[in-house]
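The values are calculated or read from the model by the stated rules, or taken from the named source; none is laboratory data. All values derive from a computational prediction rather than experimental measurement. Glycine gets a Cβ as well: all are built from the backbone with ideal geometry, and neighbour counts include every protein chain shown. In case anyone asks, the SASA skips ligands and DNA or RNA and just uses the protein heavy atoms, side chains included. Shrake-Rupley method; radii C 1.70, N 1.55, O 1.52, S 1.80 Å.
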Amino acid sequence: MTLAIRDAGKALLQRCYSPRRFLWRLPAGHGAMALTFDDGPDPLHTPALLDLLAAHGVKASFFVIGDKVSGQAALMRRIAAEGHAIGGHTWSHRDIVGRSRPELGADLQRCRLAIGAACGVDTALFRPPRGRVDLAAIHHVAMLGYCMVHWSKTYGDYRRDGAERLLARVRATPPGAGDIALFHDHNEHTLAVLRALIPEWLAGGLGFAAIPGGAAAPR
């Protein structure tokens, strides 16, 4: 399947379900991009990433694995306190394709409750592990009341194959306004590349936005 066909399919899903239930790009007219990070929270690299984002006033979105959350409550509270969006990424990073709606609902709820207990955020944002979905899984997630957040840009930083290779991939197809870009907050290569690119993107006039619906309620 070509990238153009995949993108057309995602665009159709966003129109059919509405951005409240399936989101792969920020709504039309949005002048910012969304930086998103999967597979955390990571006790080593997530704090350094938060330092970088804070230094530049950038808001991002973190899709966290439930069984990592309870042991990192202070880090989760920091993510929420600094204004980033938080979403679920299942309890144990298990694929959602082929799972029944009740089984999937129990998994997503377990992750959601862990997030709430750790940092007080009740989030309906969800990202499927590895991005693997089919129409049944997408429909299950929507009917369970969640917003499935996919992406329009991904750069394979999960490979951990070095900062130079990752930087080359990002520069080859850089994100722009409206894009939802997938990264991971679990390795030093992603951090090094974003240290170089975030100032460049800001200097070029690109803004950043957290995904709506995953932030802490005002106190």
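Side notes on the structure shown:
- Per-region count, the stretch 69-104, residues basic (Lys, Arg) and either closer than 30 Å to Leu202 by Cα or buried (at least 24 other Cβ atoms within 10 Å of the Cβ) (or both): 2
- Scan of the stretch 49-68 for residues that are in contact with an Asp or Glu (Cβ under 9 Å, 6 or more places away or on another chain) and exposed (fewer than 15 other Cβ atoms within 10 Å of the Cβ), ordered by number: Ala54
- Applying the criterion of at least 3 residues that are within 20 Å of Ser61 (Cβ to Cβ) to the helices (runs of 4 or more DSSP H) found wholly in the stretch 78-196 leaves 101-119, 135-143.
- The one condition from (1) out of contact with any strand residue (DSSP E or B) (no Cβ under 6 Å at 6 or more places or on another chain); (2) among the hydrophobic types (A, V, I, L, M, F, W, C); (3) open to solvent by 20 Å² or more (accessible area, probe 1.4 Å); (4) touching a residue at least 12 places away in the same chain (Cβ under 8 Å) that Ala168 does not meet is (4).
- Cβ pairs under 6 Å, 6+ apart, first in the stretch 6-29 and more than 16 Å from Gly178 (Cα to Cα) and at pLDDT 90 or above, second among the aliphatic types (A, V, I, L, M) and surrounded by 14 or more Cβ atoms within 10 Å (Cβ to Cβ): Arg21/Ala142
- Scanning the stretch 200-212 turns up one or more residues that are without any contact (Cβ under 8 Å) to a residue 24 or more places away in the chain, outside any helix (DSSP H, G or I) and within 22 Å of Gly83 (Cα to Cα).
- Residue that is nearest to the chain's Cα centre (by Cα), among those in the stretch 52-69 that are assigned to a loop (DSSP other than H, G, I, E, B) and of a type in the set (A, V, I, L, M): Ala60
- Looking across the stretch 15-31, the residues that are surrounded by 17 or more Cβ atoms within 10 Å (Cβ to Cβ) and within 18 Å of the chain's Cα centre (by Cα) come down to Pro19, Arg21, Phe22, Leu23, Trp24, Arg25, Leu26.
- Failed item in (1) outside any helix (DSSP H, G or I); (2) farther than 27 Å from Arg132 by Cβ; (3) of a type in the set (A, V, I, L, M, F, W, C), with Phe37 passing the rest: (2)
- Summed over the stretch 4-60, the residues that are over 22 Å from Glu200 (Cα atoms) and among the hydroxyl-bearing types (Ser, Thr, Tyr) give a count of 2.
- Every condition in (1) farther than 21 Å from Ala136 by Cα; (2) part of a helix (DSSP H, G or I); (3) under 17 Å from the mean Cα position of the chain (by Cα) is met by Gln72 except one, and the failing one is (3).
- The stretch 117-129 residues that are at positive phi, paired with ones that are in a helix (DSSP H, G or I) (beta carbon under 8 Å, 6 or more apart): Gly120/Arg77; Gly120/Ala80
- Subset of the stretch 111-161 (residues that are of a type in the set (Lys, Arg) and under 19 Å from Gly213 (Cβ atoms)): Arg112, Arg127
- Subset of the stretch 114-142 [over 16 Å from Leu23 (Cβ atoms) and either surrounded by fewer than 21 Cβ atoms within 10 Å (Cβ to Cβ) or modelled with pLDDT under 95 (or both)]: Gly116, Ala117, Gly120, Asp122, Pro129, Arg130, Arg132, Asp134, Leu135, Ala136
- The residue that is farthest from Phe22 (Cα to Cα), among those in the stretch 171-214 that are among the β-branched types (Val, Ile, Thr) and crowded, with 17+ Cβ neighbours inside 10 Å, is Val193.
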